[in-house]
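Quick notes on the structure that follows.
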Amino acid sequence: MDGTQGDKTLAITARTHFAALQSLFSLIIILAILLHLLNYDKWMIVAFSIVITLDAISSLYLHFLYFAKNKGEEYEICETKLIRRKNGEKKVYMNNEIEKIIVYLSPALSKNSYMHMAAIENYHYAVVKLKTGEELILTCLLAPRIDKALKKMRGVLFEKRKRLFCSTLR
């Protein structure tokens with residue numbers, strides 16, 4: 001599965017929430033197994049607690065930031081246009097109205113790796129820069145791999161940029 005949602009509308013769902021948080025859940029499970037194998041050593045519990053707390057805070061921060069950015073929005077990505085629905089309004093952006101699409105990915109995601117050392121590596125987003133100067137931000141809460149979903153658009157300049165912490169705040 002490449003993370004796209006086929007011809008469906010991209011929207012925030014329980015599935016996309018879980019896909020974004022999957023790395024955090026996996027890290028917690030792996031560290032819990034390691035603690036068990038280490039007989040719940042007091043210092044390892046402290047160290048793992050610090051690691052999980054820092055990772056959880058940063059990934060949950062990104063999660064809430066992304067949720068606030070795309071709450072109530074739906075996008076339909078076609079070969080020749082991008083359709084945005086928000087608050088009952090529908091806006092169509094033709095490919096020739098789009099200057100470029102910049103996707104901000106973690107180094108692991110840019111290599112198509114599913115191995116993440118931190119939960120924040122699963123978070124990514126795309127900025128659709130329009131020729132009017134307007135920008136649309138599509139986060140991974142709309143589709144597990146927003147970059148692959150946007151690749152469906154033909155004739156649009158597509159740029160990838162690596163970032164460890166992909167915050168939409170600029």
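List of remarks:
- Scoring 125-134, 102-111, 157-166 by mean Cβ neighbours within 10 Å over their residues and listing the highest first yields 102-111, 125-134, 157-166.
- Helix-only [θ]222 nm of the chain, DSSP H runs n ≥ 4, -39500 (n - 2.57) each, per residue, nearest 500: -12000 deg cm²/dmol
- The aspartates and glutamates whose alpha-carbon is closer than 14 Å to the alpha-carbon of K81, local same-chain residues fewer than 8 away aside, are D7, E97, E99.
- Remark: the range 67-115 carries a charge dipole of roughly 160 debye about the Cα centre, counting +1 on each Lys and Arg Cβ and -1 on each Asp and Glu Cβ.
- Based on C-alpha pairs under 8 angstrom that are at least 6 apart in sequence, the range 10-162 has a relative contact order of 30 percent.
- A dipole drawn for the range 49-90 from +1 and -1 charges on Cβ atoms has a positive end, and of Y75, H63, I52 the residue lying farthest that way is Y75.
- Angle in degrees between helix 14-37 and the longest Cα principal axis of the chain, rounded to the nearest 10: 20
- Count Lys and Arg as plus one, Asp and Glu as minus one, and take only other residues whose Cβ is under 12 Å from that of V92; the net charge is then +2.
- Bridge type composition, the chain - antiparallel percent by DSSP, nearest 5: 85
- Helix 42-70 axis versus longest C-alpha principal axis of the chain: approximately 10°, rounded to the nearest ten.
- Between K151 and C78, the contour length at 0.36 nm per residue exceeds the alpha carbon distance by 25.3 nm.
- Dipole check for the range 10-162: with +1 at the C-beta of Lys and Arg, -1 at the C-beta of Asp and Glu, and the Cα centre as origin, the magnitude is about 440 Debye.
- In this structure, the amide hydrogen of C140, modeled 1.01 Å from its nitrogen in the peptide plane, lies closer than 5 angstrom to those of H124, counting only residues at least 5 positions away or on a different chain.
- Distance from the alpha carbon centroid of the range 54-80 to that of the range 134-158 works out to 12 angstrom.
- Farthest positive-ward along the chain dipole, Cα basis, beta-carbon charges - from A11, N96, P144: N96
- Spatially proximal aspartates and glutamates relative to K69 (Cα-Cα < 19 Å; intrachain offsets below 8 disregarded): E89, E121, E134, E135, D147
- Highest mean first, the peptides 86-92, 9-15 sorted by other C-beta atoms within 10 Å per residue fall in the order 9-15, 86-92.
- Legend: residue pairs K86/K111; K42/K111; K42/K162; K86/K162; K91/K148; K90/K111, Cα-Cα distance threshold 27 Å; pairs beyond threshold, K86/K111; K42/K111; K42/K162; K86/K162; K90/K111.
Every read-out reported here was derived from the displayed coordinates using simple, explicitly stated rules and does not represent laboratory data. For clarity, every value in this text was computed on a predicted model and none was experimentally measured. All Cβ positions, glycine included, derive from the backbone under ideal geometry; neighbour counts span all protein chains shown.
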